[in-house]
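Student: Quick one: structure below, then a few questions.
The values are calculated or read from the model by the stated rules, or taken from the named source; none is laboratory data. Keep in mind the model is a prediction, meaning the values are calculated, not measured. FYI the Cβ positions are ideal-geometry reconstructions off the backbone, even for glycines, and counts take in every protein chain you see. We work out accessible area using only protein heavy atoms, side chains counted, and drop any ligands, DNA or RNA first. Shrake-Rupley method; radii C 1.70, N 1.55, O 1.52, S 1.80 Å.
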Amino acid sequence: MTQNTFSQDSINRSSSGSPLKKLLAYSSLIVVGAGIGIGGTYAQSQKVASVAQNAPVNEVVDRSAVAAAPMMTPTNFVAQVVQEVGPAVVRINASHTVNGNGNNELSNDPFFRRFFGDQMPEGGGERQVQRGTGSGFIISEDGKILTNAHVVEGAEKVTVTLKDGRTLNGKVLGSDSLTDVAVIKIEGENLPTVALGNSDSLQVGEWAIAIGNPLGLDNTVTTGIISAKDRSSSQIGANDKRVGFLQTDAAINPGNSGGPLLNAKGEVIGMNTAIIQNAQGLGFAIPINKAQKIAQQIIDNGQAQHPYLGVQMLQLNPDVKDKLQQSPAAQNWNITQDSGVLIVKVMPDSPASRAGVKAGDVITNVQGKDVTDPGAVQELVENSQIGSSLPIEVSRGGDKVSLNVEVGQLSRQASR
């Protein structure tokens, strides 16, 4: 499993050795992707035998706690949004059984601990049920729900609890670890739904409202603003993701994962997905346009389709160039530019390899558009069609080289 933790200790360890290794530890961006979900909220463990004591599925859970309350007139726009959208926000419980051998992969992974610290369960000596709680929102009256892939990853059993107290069995239609998007289906008719907004038109400073179930506290509402857009996966320590994240200062905690981030009109503009442990005022959401696109592919095909070149890229600048010139691994690279997108690795038998792309090339143009950073290249690749010919221009030893790459499809095997 790829390890994506950016603690100082891990940087120091990974940086020992050549300058090139140091450089990649801080700033590499991998286009091929890997398979770690963001966060995961597995916070409780118990023995398998106790599962039978759970409340039966598809029955109302503690109706006395959800007795009908008189509808009140909203006093501000936040209250209006909560009243309109709240019924379509759900709690998702996922569980799976593991061998308690003390080698729990999630609990031992520093990346997961970076987000959730000591809440991760430890291995014991017996088979145990690990449970995770997340959020989601209903997008269709027939019961399709969007949530994070890491909320349901590996789940053997999924239940969905509505705001009115009903708890229903959920079926995972599919999930995509590269974007952390999953679709769940429950059986129902005329279910409450959310309205989807347009995340491409967002401006920094707009209102942001988060609804979810953090730390087991159902139907929690927090507010803030959109504090940044297009945060790359590498910037938030999730190099394996293909998402330009929204950043918000609306409070997000474990359990908010998969819940909606809304604008002042009550439209979903993002899906809350990540926090950084010990940080304050920093939360990240998948833009809804991206989540909706992936979700539709899952609904139609059972999985998402990702265009694939098969290269590892690095932002080139004068400091990076100087370090590369001192690295034995890059001694044959004749880099004449001070800026651009440097190819540091080409995967064997990949579309890029077959097209003649080489390590040390500097990408300057993709599909007629000048590019200066890896995120821009990744976005253009992601928006291309699988099987199409993607024209790119590279600088190779100061010479301009034009290449055409036949875009491939990233397989699940290649993404690991």
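Student: Looking only at region 197-206, filter to residues that are in contact with a helix residue (DSSP H, G or I) (Cβ under 9 Å, 6 or more places away or on another chain) and either surrounded by fewer than 18 Cβ atoms within 10 Å (Cβ to Cβ) or free of Cβ contacts under 8 Å to residues at least 24 places away in the same chain (or both); which one of those is farthest from Gly170 (Cα to Cα)?
Tutor: Asp200
Student: Can you tell me which residue in region 295-308 is nearest to Ala88 (Cα to Cα), limited to those that are part of a helix (DSSP H, G or I), open to solvent by 60 Å² or more (accessible area, probe 1.4 Å) and of a type outside the set (Asp, Glu)?
Tutor: Checked region 295-308; the qualifying residue nearest to Ala88 (Cα to Cα) is Gln296.
Student: State which residue is nearest to Asn169 (Cα to Cα) when the search covers only region 70-91 and only residues that are in a strand (DSSP E or B) and open to solvent by less than 40 Å² (accessible area, probe 1.4 Å).
Tutor: Val90
Student: Of the conditions (1) of a type in the set (A, V, I, L, M, F, W, C); (2) open to solvent by 30 Å² or more (accessible area, probe 1.4 Å); (3) touching a helix residue (DSSP H, G or I) at 6+ places or on another chain (Cβ under 7 Å), Met271 clears all except one; give me its number.
Tutor: Result: Met271 fails condition (2) only.
Student: Does region 378-398 include one or more residues that are among the β-branched types (Val, Ile, Thr), in contact with a Phe, Trp or Tyr (Cβ under 9 Å, 6 or more places away or on another chain) and either open to solvent by 70 Å² or more (accessible area, probe 1.4 Å) or under 23 Å from Leu410 (Cβ atoms) (or both)?
Tutor: Within region 378-398 (the criterion being among the β-branched types (Val, Ile, Thr), in contact with a Phe, Trp or Tyr (Cβ under 9 Å, 6 or more places away or on another chain) and either open to solvent by 70 Å² or more (accessible area, probe 1.4 Å) or under 23 Å from Leu410 (Cβ atoms) (or both)), the answer is yes, since at least one residue qualifies.
Student: If I filter region 207-253 down to residues being under 21 Å from Gly136 (Cα atoms) and basic (Lys, Arg), which single residue comes out as surrounded by the fewest Cβ atoms within 10 Å (Cβ to Cβ)?
Tutor: Arg242
Student: Given the conditions (1) more than 16 Å from the chain's Cα centre (by Cα); (2) buried (at least 23 other Cβ atoms within 10 Å of the Cβ), report the number of the one that Asn148 does not fulfil.
Tutor: Status for Asn148: all satisfied but (1).
Student: State whether one or more residues within region 377-394 are within 13 Å of Gly340 (Cα to Cα) and either assigned to a helix (DSSP H, G or I) or under 26 Å from the mean Cα position of the chain (by Cα) (or both).
Tutor: There is at least one residue in region 377-394 that is within 13 Å of Gly340 (Cα to Cα) and either assigned to a helix (DSSP H, G or I) or under 26 Å from the mean Cα position of the chain (by Cα) (or both).
Student: If Gly143 satisfies every condition in (1) surrounded by fewer than 24 Cβ atoms within 10 Å (Cβ to Cβ); (2) more than 21 Å from Gly302 (Cβ to Cβ) but one, which is the exception?
Tutor: (2)
Student: Kindly indicate whether Pro307 is in contact with a helix residue (DSSP H, G or I) (Cβ under 8 Å, 6 or more places away or on another chain) and either among the polar types (S, T, N, Q) or under 18 Å from Trp207 (Cα atoms) (or both).
Tutor: No; evaluated as a whole, the condition is false for this residue.
Student: Does region 156-188 hold any residues that are over 19 Å from Gly302 (Cα atoms) and in a loop (DSSP other than H, G, I, E, B), and which are they?
Tutor: Within region 156-188, Leu162, Lys163, Asp164, Gly165, Gly188 meet the criteria.
Student: Follow-up. Filter region 354-372 for residues that are buried (at least 18 other Cβ atoms within 10 Å of the Cβ), touching a residue at least 40 places away in the same chain (Cβ under 8 Å) and assigned to a loop (DSSP other than H, G, I, E, B) and give the result.
Tutor: Across region 354-372, the qualifying residues are Val357, Asp361.
Student: May I ask you to verify whether Gly266 is modelled with pLDDT of 95 or more, more than 13 Å from the chain's Cα centre (by Cα) and on the phi > 0 side of the Ramachandran plot?
Tutor: yes
Student: For region 153-185, how many residues meet the condition of being β-branched (Val, Ile, Thr), closer than 27 Å to Pro307 by Cβ and crowded, with 24+ Cβ neighbours inside 10 Å?
Tutor: Of the residues in that region, 4 qualify.
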